[in-house]
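The structure appears below as structure tokens.
The values are calculated or read from the model by the stated rules, or taken from the named source; none is laboratory data. Just so we're clear, the structure is a prediction, and the values are computed from it rather than from any experiment. Please note: Cβ atoms are built from the backbone with ideal geometry, for glycine as well, and neighbour counts cover all protein chains shown.
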Amino acid sequence: MNKPNNNFSVEYPELGTDPISVESVISEAYFERERKLFQQSWVCVGRVDEAPNPGDYFLKRFEMLVEASLLVVHGEDGVFRVFNNICRHRGNSLVPTQFPQGSRPKGFRCKFHAWVFSTTGELAFVPDEEQWCLSGNSFDKADYALPQFNTEVWEGFIFVNKDPNPRKSLRETIGEEFYEPMRGYYSGFDYSLTWHVDINCNWKMILDSFGETIHVKSLHKFHITDTVVGPDNPDSHLLSAHLHRRNRSFSTFANLTHQPTPAEAIAYKYGYATWTEQDTAGQLPPGLNPGNHEAWAFDGVVIFPNLLMVSSNYWMAVFRPIPIAVNKTRFEIDYYVTKPTNAGERMCQEYARCAVRDAVREDAEILENCQENLMAGVITHLPLSNQEVVLRHNHWSMDQALQEMEDQEKANG
Ligand code: FES
Ligand SMILES: [Fe+2]
């Protein structure tokens with residue numbers, strides 16, 4: 001059960017074995033095709049933890065959907081809705097962008113002429129309303145609710161679909177491999193912290209860099225190498241990959257014989273916040289670690305197009321690369337743990353999250369180099385190893401989805 005898998009190219013022949021084109025990460029035209037697809041897809045814009053109480057809100061930028069910011073609101077009726085953050089009078093930002101998160105249980109009052117919108121999006125109050133009625137437009141407040149996106153919540157993740165008639169349900173998008181089998185897992189953690197960073201690379205390259213572990217021995221040699229490389233797995237191969245139609249998960253190896261450094265030993269004396277000690281028996285949902293590996297570190301679970309959930313027994317990290325341009329991405333990372341019950345556990349979690357942060361920074365730095373060099377056009381194709389099957393699926397699934405969208409458009413005339 002702990003043996004790495006070396007047969008991916010045999011297990012997934014449809015992905016092919018040829019080098020893959022760099023077109024999908026450097027081409028403006030490809031990016032524009034993706035924009036169209038994002039506008040028809042369910043995409044994650046955040047977590048319910050960011051607006052825990054009725055009346056709470058947060059702003060989000062998602063340029064692929066719309067240039068203006070999105071206003072995510074936990075309504076007074078308990079329902080989450082996502083609006084354009086645009087006042088229906090003359091287009092002011094309803095919530096000023098310098099207040100990206102907060103609480104407005106009495107509704108949102110525009111600073112320009114003081115129109116008020118309820119937490120459920122209706123236009124609730126117009127000062128001096130009669131003047132609009134007198135203008136001869138048969139003014140009715142009911143016609144001026146905030147523009148709204150289709151919104152659904154799964155396991156605490158808030159998804160929106162810009163298409164007024166979504167082609168697929170959210171459940172179909174998440175798929176039967178994850179929708180029920182991950183029940184309870186993602187909502188079982190407590191929010192810990194967020195990192196946001198703009199990286200000059202294509203958004204898919206971020207998913208790529210967290211889709212294989214063969215770089216760990218080299219790139220992360222001072223931080224985490226010894227925890228994911230061991231006598232059973234000297235080159236840090238994946239334990240398994242589970243590639244579904246568009247989505248995927250993959251299971252990574254933990255070195256259970258890892259000898260902690262003195263600092264680690266102190267931190268981990270008080271709790272579990274990493275993967276080198278296991279007490280997983282019976283605690284995981286059926287969708288996680290589906291290969292039942294004993295020396296298991298975490299699964300990467302990807303919901304197409306751009307949500308990656310690094311899912312372990314003791315923490316999870318939600319990675320959302322938000323595309324801005326073909327070579328620019330806002331990388332949002334939310335880190336979750338279970339609430340510590342004493343100071344020792346708190347210290348242990350802090351130590352672990354610093355280790356994750358340091359590793360992510362090393363990845364981010366490399367990505368900017370790769371993007372700049374690929375944009376130079378000297379290299380046109382990338383040879384992928386058997387261990388990079390998840391990357392192959394990342395690009396293959398986008399190619400397939402774009403093709404399907406365009407075939408559908410043709411069929412509809
Ligand atoms: S633009 Fe908002 S009230 Fe006038
Ligand atoms: Fe890495």
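Taking the criterion of being exposed (fewer than 12 other Cβ atoms within 10 Å of the Cβ) and acidic (Asp, Glu), the only residue of region 76-99 that qualifies is ASP77. Among the residues of region 79-130, those that are in a loop (DSSP other than H, G, I, E, B) and among the small types (Gly, Ala, Ser) comprise GLY91, GLY107, ALA114, SER118, GLY121. Does GLU155 satisfy the condition of being more than 27 Å from HIS89 (Cα to Cα), of a type in the set (D, E, K, R) and surrounded by 15 or more Cβ atoms within 10 Å (Cβ to Cβ)? Spelling it out, GLU155 is indeed more than 27 Å from HIS89 (Cα to Cα), of a type in the set (D, E, K, R) and surrounded by 15 or more Cβ atoms within 10 Å (Cβ to Cβ). What do you reckon, is TYR57 part of a helix (DSSP H, G or I) and either of a type in the set (Phe, Trp, Tyr) or without any contact (Cβ under 8 Å) to a residue 40 or more places away in the chain (or both)? So TYR57 fails the test.
Filtering region 342-401 to residues that are closer than 27 Å to LEU243 by Cα and β-branched (Val, Ile, Thr) leaves VAL356, VAL360, ILE366, THR380, VAL389, VAL390. Does SER249 satisfy being more than 16 Å from ligand 2 (Cβ to nearest atom), farther than 23 Å from ASN327 by Cα and modelled with pLDDT of 90 or more? Against the criterion (more than 16 Å from ligand 2 (Cβ to nearest atom), farther than 23 Å from ASN327 by Cα and modelled with pLDDT of 90 or more), SER249 qualifies. For region 10-49, name all the residues that are part of a helix (DSSP H, G or I), within 24 Å of PRO383 (Cα to Cα) and not hydroxyl-bearing (Ser, Thr, Tyr). Scanning region 10-49 gives VAL10, GLU11, PRO13, GLU14, LEU15, GLU23, VAL25, ILE26, GLU28, ALA29, PHE31, GLU34. Scanning region 333-386 for residues that are within 29 Å of GLU23 (Cβ to Cβ), over 25 Å from the mean Cα position of the chain (by Cα) and β-branched (Val, Ile, Thr) returns VAL378, ILE379, THR380.
The set of residues in region 93-110 that are away from ligand 1 (no atom under 15 Å from the Cβ) and within 16 Å of PHE80 (Cβ to Cβ) comprises GLN101, GLY102, SER103, PRO105. Identify, from the list LEU367, LEU391, LEU374, the residue that is touching a residue at least 60 places away in the same chain (Cβ under 8 Å), in contact with a Cys (Cβ under 6 Å, 6 or more places away or on another chain) and assigned to a helix (DSSP H, G or I). From the options LEU367, LEU391, LEU374, the qualifying one is LEU367.
Would you mind stating whether GLY102 is away from ligand 2 (no atom under 16 Å from the Cβ) and surrounded by 18 or more Cβ atoms within 10 Å (Cβ to Cβ)? The answer is no for GLY102. Criterion first (away from ligand 2 (no atom under 16 Å from the Cβ) and in the same structural domain as LEU70 (by TED's automatic domain parsing)) does PHE189 satisfy it? No; evaluated as a whole, the condition is false for this residue.
Among the residues here, VAL301 qualifies as more than 21 Å from VAL229 (Cβ to Cβ), in contact with a Phe, Trp or Tyr (Cβ under 7 Å, 6 or more places away or on another chain) and buried (at least 17 other Cβ atoms within 10 Å of the Cβ). Here ASP226 meets each of (1) surrounded by 22 or more Cβ atoms within 10 Å (Cβ to Cβ); (2) modelled with pLDDT under 95 with one exception, condition (1). Within region 111-126, track down each residue that is within 12 Å of ligand 1 (Cβ to nearest atom) and within 31 Å of the chain's Cα centre (by Cα). Across region 111-126, the qualifying residue is only PHE117. The lone criterion from (1) part of a loop (DSSP other than H, G, I, E, B); (2) among the aliphatic types (A, V, I, L, M); (3) free of Cβ contacts under 8 Å to residues at least 60 places away in the same chain left unmet by MET64 is number (3). Filtering ASP18, ASP56 for residues that are acidic (Asp, Glu), crowded, with 16+ Cβ neighbours inside 10 Å and out of contact with any Leu (no Cβ under 6 Å at 6 or more places or on another chain) leaves a single hit, ASP56.
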